[in-house]
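Reading through the structure tokens given below for one structure.
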Amino acid sequence: MAERVYEMLWDCEFCSTRKLLGKTHRFCPNCGARQNPEKRYFPSAEDKVEAGDHEYFGADRLCLACKTANGAKVKFCVSCGGAMDGAASVKLVAGGGAEGPGKAAEEALDALAEERESSGLRRGLKIAAGAAAGVVLLLIGLRLSSKELALSVAAHRWEREVEIESYRGVRDSGWCDAMPSDAYDVSRSREVRSHESVPDGEDCKTVQRDRGDGTFSEEEQCTTRYRDKPVYDEHCRYAVDRWSKLRAESRTGGFADPPSWPEASLARTGSCRGCERQGARHERYSVRLQGGGKEYSCDFDQARWGSMAPGSRWKGKVNALTGLACPALEPLE
Ligand SMILES: [Zn+2]
Ligand SMILES: [Zn+2]
């Protein structure tokens, strides 16, 4: 929308005539008093008067000698005749909205409420920060409080596992455009895959700007509003033939039993549906230690595990937070 120009208003300070026009009435028509440019204000919607003369030269300037507001192009003050060289422009009235004079007060209240809210929030944050610092100090304290302990090996245990996989139909799902080519038994459904931002009307407000010469301009400023629109796509549920874990064979033992892999008895080998093969292998070696009236458990690799004889004695560090430091165990002479 095009810019429109209206007259600012002012009230005479001497005879209390109200709603005088900023551009037309440089002097009060009632008592002849000079307009004070600092007392100009935006009119309410029903008091708006369009400025007839649209020629704009710039904001008024204040005479250095007598403080009279003169048009931007005036070379000598209309009131005292003083030279206008170097005269400063009048202070502009802060931009008004179409909502009228109540708006400024509302904004001030809002600002006050916001300030109160944020100071409450700040207090809350301070308390939270204090509590967090306390917790951190406590944790550091616990972490530092390690004590040395004499330990003896009480038990050994090993565990070995072989996964058995079978080649068979497994169910899976995904977007249809990424479905494996050998999928079968497919069911499709339309589901939301993403969201798209689409224009959804405009939010407009009227912006008023003081031009400083007793008039103000009014312009409607609009911004496009957006909304999220779901984008649908085909989602597929399907079956595919794949090798997948069916079961696991495991074997366990102690120090006296040499670790060995369990026998994997496969139903059928090959690559048929229902055929089986060996999958991933897992092994675990743990040692139980006793000391200071407590028990601890450590996992090691097989070599280290085998080097810790039953009943052998070790020096370890126990931390209140992290427990026994297993890798740092040292033989105790
Ligand atoms: Zn007057
Ligand atoms: Zn003057």
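Ranked highest first by the average count of other Cβ atoms within 10 Å around their residues, in what order do 145-154, 17-26, 184-193, 210-219 fall?
Per-residue Cβ counts within 10 Å, averaged per peptide and sorted highest first, yield 210-219, 17-26, 145-154, 184-193.
Give a quick list of chymotrypsin sites (Phe, Trp or Tyr not before Pro) in the range 16-78 that DSSP marks as loop, anything other than H, G, I, E or B, with at most 15 other Cβ atoms within 10 Å.
Those that pass, being in a loop and sparsely packed, are Tyr56, Phe57.
Please find the FRET efficiency linking Ala328 to Glu263, where r is the Cβ-Cβ separation and R0 is fixed at 45 Å, and quote it to the nearest 0.05.
According to the calculation, E is roughly 0.75.
For the range 182-246, what relative contact order do you get, as a whole percent, if you take Cα pairs closer than 8 Å and at least 6 residues apart?
It comes to 49 percent, rounded to a whole number.
What is the sum of charges, Lys and Arg at +1 and Asp and Glu at -1, for the other residues whose Cβ falls under 10 Å from the Cβ of Glu161?
0
PRE reach from Arg281 (point 7 Å along Cα→Cβ): which of the range 148-178 fall under 17 Å by backbone N?
Backbone N within reach: 158-165.
Before anything else, pin down the relative contact order of the range 220-282: Cα pairs under 8 Å, at least 6 apart, normalised by residue count, whole percent.
This gives 18 percent for the range 220-282.
Farthest toward the dipole's positive end in the chain, which of Ser187, Gly254, Gly201, given Cβ charges of +1 (Lys, Arg) and -1 (Asp, Glu) about the Cα centre?
It is Gly254, whose Cα lies furthest towards the positive end.
Please state the relative contact order of the chain as a whole percent: Cα pairs under 8 Å, 6+ residues apart?
22 percent.
Return the carbon/sulfur percentage of the accessible area of the range 255-294, one whole number, probe 1.4 Å, all protein chains in place.
45
Once phi is turned into ³J(HN,Hα) by the Karplus curve 6.51 cos²θ - 1.76 cosθ + 1.60 with θ = phi - 60°, what whole-Hz value does each residue of the range 157-162 show in order, with x for glycine and proline?
8, 10, 9, 10, 9, 10
Give me the angle, in degrees from 0 to 90, between the Cα long axis of helix 102-144 and the longest principal axis of the Cα atoms of the chain, rounded to the nearest 10.
30
Using 30 Å as the Cα-Cα cut-off, could you pick out the over-long pairs in Lys126/Lys294; Lys19/Lys205; Lys126/Lys205; Lys23/Lys205?
Lys126/Lys294; Lys126/Lys205
Using a 1.4 Å probe and ignoring any ligands, DNA or RNA, find the accessible area of Met179 and quote it in Å² to the nearest 10.
Roughly 50 Å² of Met179 is accessible to a 1.4 Å probe.
Could you work out how much longer the chain between Cys15 and Phe255 gets when fully extended? Use 0.36 nm per residue separation minus the Cα distance between them, nm to one decimal.
Full-extension gain reported as 75.4 nm.
Multiply the residue separation of Arg242 and Lys67 by 0.36 nm, subtract the distance between their alpha-carbon atoms, and state the gained length in nm to one decimal.
Computed gain between Arg242 and Lys67 is 53.8 nm.
Output ³J(HN,Hα) for the range 179-196: one whole-Hz value per residue in order, computed from phi by the Karplus curve 6.51 cos²θ - 1.76 cosθ + 1.60 with θ = phi - 60°, and x for Gly and Pro.
Values, residue by residue: 6, x, 5, 9, 5, 9, 6, 8, 10, 10, 8, 8, 9, 6, 9, 7, 10, 10 Hz.
The values are calculated or read from the model by the stated rules, or taken from the named source; none is laboratory data. None of these values were measured; they are calculated from a predicted model. Cβ atoms come from the backbone with ideal geometry, glycine included; neighbour counts cover every protein chain shown. Only protein heavy atoms, including side chains, enter the accessible area calculation; ligands, DNA and RNA are left aside. Shrake-Rupley method; radii C 1.70, N 1.55, O 1.52, S 1.80 Å.
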